[in-house]
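> Take this structure first; my questions come after.
The values are calculated or read from the model by the stated rules, or taken from the named source; none is laboratory data. Values in this document were obtained by computation on a predicted structure and should not be read as measured data. So basically every Cβ, Gly included, is an ideal-geometry build from the backbone, and we count neighbours across all protein chains shown.
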Amino acid sequence: MISLKLRCNSIKKGVPFMAHPFSFCSILCFLIYSCTHQIDPIPDTCYISEDSGVYVLCEGLYGYNNSSLWYQSDLSNPPINIFPCKNNGFALGDTANDIIKINDSLMALIISTSNEIHIMNSKTAKVIRSIVIQGNGHFLKKGVILQDSLLLVTDLYADIVYQVNINSSEYLPLINQQLCAPEGIAVFGNTIAVCNSGYGIFRYKEPYAGTVLFYDIKTNTYTSVKTGLNPQSIYYSLPSNSWLVLYSHITSIKDSVGGITEIEANSLHPIRDHKETFTGRGFYDTSLHILYAISKKGIHHIQSQNTMLKDSLIIPAITGNQMYGIARNNSNLYILNARNFMVSGQMLIYDLLTNRYTYSHEIGINPSKLLFK
């Protein structure tokens, strides 16, 4: 009530108080609103189910510091935004680009503009520590687990793959040659595979742009294999003993089309190249050995067989929207819709048994990656 008294005393002298009934009501409503919204403290952590659920990482807009991490407990519940909670004093940071499962209780978030790697407890959604890559000229992009405590992270600007110890927070360049704007990364056996995107239109003419670098950990040898322009994701296919490289079309280059380059794992020779308007984003189901990929046409179901690459369009594109991320859990396909890349996106859930959308939830700007607990 002190604030109300001070505000009333500021009304000009000589003007009857009741001449300002609207002002008085507005002030009173404002004070009541302020009080009711200030008494609820921001919780230190968001309470989530420890056993199940899915995390959704949203990139946000570059330079706007509006990345977000969401958690959904089950299909019908709307997702909750994790980082409005204080989270041990950590903010998410600007331009979040990847979320990686470390083990049953830990996960890592890669924050590009902030050059940060958050190590989080996946059961409580709480940040344990944050590892910062020091210096200028970095843009952390994608990651993969090499061993239990070692995380590999690509640096798009510095042309480096870092080896990060998640326990000690120490990091060092593991690979710093034959790279050109490295993005997607994968590990199988003793081989680390790195996609050299060439940063799309900006560096595509450089020697190692549009290649995948295969690094053998045991022999310390490097092999670069040419793919289509702008390779962004790579997956190992066990049935065909091959690497599947998703590359994106570059709209500013005439006749540029995305596609898949398949590379035989032993010889590291390209087997075939399949052209399609892929965006470079996909999800490889390691239990069913199916690659789900996104193109201008919609969602594709892809299987590598001995003599052919079987590509089927299973879900048409959403007119006027942009499918931006995808993952499968049981019979449900989770599709992340970025809409026009400037507004809040959607998480759509598609039932593969009934071939229909069953749920739709609002989510942050540019949702791009899912991680199931």
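> Of everything in segment 227-253 that's crowded, with 18+ Cβ neighbours inside 10 Å and farther than 14 Å from S197 by Cβ, which residue is farthest from the chain's Cα centre (by Cα)?
Across segment 227-253, the extreme among qualifying residues is S240.
> A further question on this structure: Identify, please: which residue in segment 107-125 is in contact (Cβ under 8 Å) with a residue 60 or more places away in the chain and surrounded by fewer than 18 Cβ atoms within 10 Å (Cβ to Cβ) and is, among those, farthest from Q147 (Cα to Cα)?
Step by step, filter segment 107-125, then rank; the result is T124.
> Residue pairs, Cβ under 7 Å, 6 or more apart or interchain, first in segment 157-182 and touching a residue at least 40 places away in the same chain (Cβ under 8 Å) and basic (K, R), second buried (at least 20 other Cβ atoms within 10 Å of the Cβ) and in a strand (DSSP E or B). List them.
none
> Tell me, which residue of segment 121-150 that is at pLDDT 95 or above and among the aliphatic types (A, V, I, L, M) is farthest from V54 (Cα to Cα)?
I133
> All but one of (1) without any contact (Cβ under 8 Å) to a residue 60 or more places away in the chain; (2) over 22 Å from D51 (Cα atoms); (3) not aliphatic (A, V, I, L, M) hold for N97; state the number of the condition that does not hold.
Unmet for N97, out of (1) without any contact (Cβ under 8 Å) to a residue 60 or more places away in the chain; (2) over 22 Å from D51 (Cα atoms); (3) not aliphatic (A, V, I, L, M): (1).
> Any residue at all in segment 119-135 that is within 21 Å of G364 (Cα to Cα), among the β-branched types (V, I, T), touching a Gly at 6+ places or on another chain (Cβ under 8 Å) and assigned to a loop (DSSP other than H, G, I, E, B)?
There is no residue in segment 119-135 that is within 21 Å of G364 (Cα to Cα), among the β-branched types (V, I, T), touching a Gly at 6+ places or on another chain (Cβ under 8 Å) and assigned to a loop (DSSP other than H, G, I, E, B).
> Show me the strands (runs of 3 or more DSSP E) entirely contained within segment 278-373 in which 1 or more residues are farther than 22 Å from G259 by Cα and charged (D, E, K, R). Break it down into steps so the answer makes sense when it comes.
Values: elements: 278-285, 290-295, 298-304, 309-316, 323-329, 332-337, 344-351, 356-365, 367-372.
Strands (runs of 3 or more DSSP E) meeting the threshold: 344-351, 356-365.
> Further, regarding this structure: Could you say which residue among S224, S256 is of a type in the set (G, A, S), over 21 Å from the mean Cα position of the chain (by Cα) and part of a strand (DSSP E or B)?
Numbers: S256 fails: part of a strand (DSSP E or B).
Among S224, S256, only S224 is of a type in the set (G, A, S), over 21 Å from the mean Cα position of the chain (by Cα) and part of a strand (DSSP E or B).
> Against the condition surrounded by fewer than 19 Cβ atoms within 10 Å (Cβ to Cβ) and in contact with a strand residue (DSSP E or B) (Cβ under 6 Å, 6 or more places away or on another chain), how does Q147 come out, does it pass? Give the derivation first.
On the way: surrounded by fewer than 19 Cβ atoms within 10 Å (Cβ to Cβ): yes; in contact with a strand residue (DSSP E or B) (Cβ under 6 Å, 6 or more places away or on another chain): no.
No, not satisfied.
> So is C85 touching a helix residue (DSSP H, G or I) at 6+ places or on another chain (Cβ under 9 Å), surrounded by 12 or more Cβ atoms within 10 Å (Cβ to Cβ), modelled with pLDDT of 60 or more and assigned to a loop (DSSP other than H, G, I, E, B) or not?
Values: touching a helix residue (DSSP H, G or I) at 6+ places or on another chain (Cβ under 9 Å): no; surrounded by 12 or more Cβ atoms within 10 Å (Cβ to Cβ): yes; modelled with pLDDT of 60 or more: yes; assigned to a loop (DSSP other than H, G, I, E, B): yes.
So C85 does not fit the description; no.
> When the residues of segment 304-320 are narrowed to those that are at pLDDT below 95 and surrounded by 15 or more Cβ atoms within 10 Å (Cβ to Cβ), which ends up nearest to M342 (Cα to Cα)?
Among those residues, the one meeting the criterion is I318.
> For residues that are at pLDDT 95 or above and of a type in the set (G, A, S), scanning just segment 90-111, find the one that is farthest from the chain's Cα centre (by Cα).
A108
> So, of the residues in segment 216-241 that are in contact (Cβ under 8 Å) with a residue 60 or more places away in the chain and in contact with a Ser or Thr (Cβ under 6 Å, 6 or more places away or on another chain), which turns out to be nearest to L288 (Cα to Cα)?
Checked segment 216-241; the qualifying residue nearest to L288 (Cα to Cα) is S237.
> Counting only residues that are part of a loop (DSSP other than H, G, I, E, B) and in contact (Cβ under 8 Å) with a residue 40 or more places away in the chain, which one in segment 183-215 is surrounded by the fewest Cβ atoms within 10 Å (Cβ to Cβ)? Break it down into steps so the answer makes sense when it comes.
The first filter runs over segment 183-215 and keeps only residues part of a loop (DSSP other than H, G, I, E, B), leaving 189-190, 197-210.
With in contact (Cβ under 8 Å) with a residue 40 or more places away in the chain added as a condition, the list becomes 197, 199-201, 204.
Working: S197: 28, Y199: 18, G200: 20, I201: 14, Y204: 19.
Only one residue fits best here, namely I201.
> Could you list, ordered by first residue, the pairs with Cβ atoms under 6 Å in which the first is in segment 347-373 and free of Cβ contacts under 8 Å to residues at least 12 places away in the same chain and the second is surrounded by 19 or more Cβ atoms within 10 Å (Cβ to Cβ), at least 6 apart or interchain?
Matching pairs, first to second residue: Y357/L348; Y357/Y350.
> Can you confirm whether segment 174-193 contains a residue that is within 23 Å of L268 (Cα to Cα) and among the acidic types (D, E)?
So the first thing to find is which residues in segment 174-193 are within 23 Å of L268 (Cα to Cα), and the list is 174-193.
Next, only the ones that are among the acidic types (D, E) stay: 183.
Yes, that holds for at least one residue.
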